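A.B. asks: Following this message is one structure expressed as structure tokens.
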Amino acid sequence: MLAVNYTNLRDNMKRYMDQVTDDYETMIVTRKNNKNVVILKKYKELRKSLSGGLPDKGFIFLRGRSARER
């Protein structure tokens, strides 16, 4: 698992995106005010396991709620 601050990610975007996609790394992007985000390659598999095996409907989860619930 990688932990990268936002400025470093912005300055080295291609390198970090390649690490996530090529090496199946999970990356935590640290931001001000503890507004951290996680970038991962296996979103569909994670979504499927979180939904109890339901098919992926394209939901994006933000802070535990889907974008459709906001």
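The values are calculated or read from the model by the stated rules, or taken from the named source; none is laboratory data. Just so it is clear, the structure is predicted and the values come from calculations on it, not from any experiment. So basically every Cβ, Gly included, is an ideal-geometry build from the backbone, and we count neighbours across all protein chains shown. Remember, those area values only see protein heavy atoms, side chains included, never the ligands or the DNA or RNA. Shrake-Rupley method; radii C 1.70, N 1.55, O 1.52, S 1.80 Å.
A.B. asks: Taking region 24-36 as the search range and keeping residues that are open to solvent by 60 Å² or more (accessible area, probe 1.4 Å) and not hydroxyl-bearing (Ser, Thr, Tyr), which one is nearest to Asn8 (Cα to Cα)?
C.D. replies: Checked region 24-36; the qualifying residue nearest to Asn8 (Cα to Cα) is Arg31.
A.B. asks: Which one is surrounded by the fewest Cβ atoms within 10 Å (Cβ to Cβ), of the residues in region 1-16 that are part of a helix (DSSP H, G or I), within 15 Å of the chain's Cα centre (by Cα) and not hydroxyl-bearing (Ser, Thr, Tyr)?
C.D. replies: If we take residues in region 1-16 being part of a helix (DSSP H, G or I), within 15 Å of the chain's Cα centre (by Cα) and not hydroxyl-bearing (Ser, Thr, Tyr), then Met13 is surrounded by the fewest Cβ atoms within 10 Å (Cβ to Cβ).
A.B. asks: Right, Glu45: more than 21 Å from Asn5 (Cα to Cα) and modelled with pLDDT of 70 or more or not?
C.D. replies: yes
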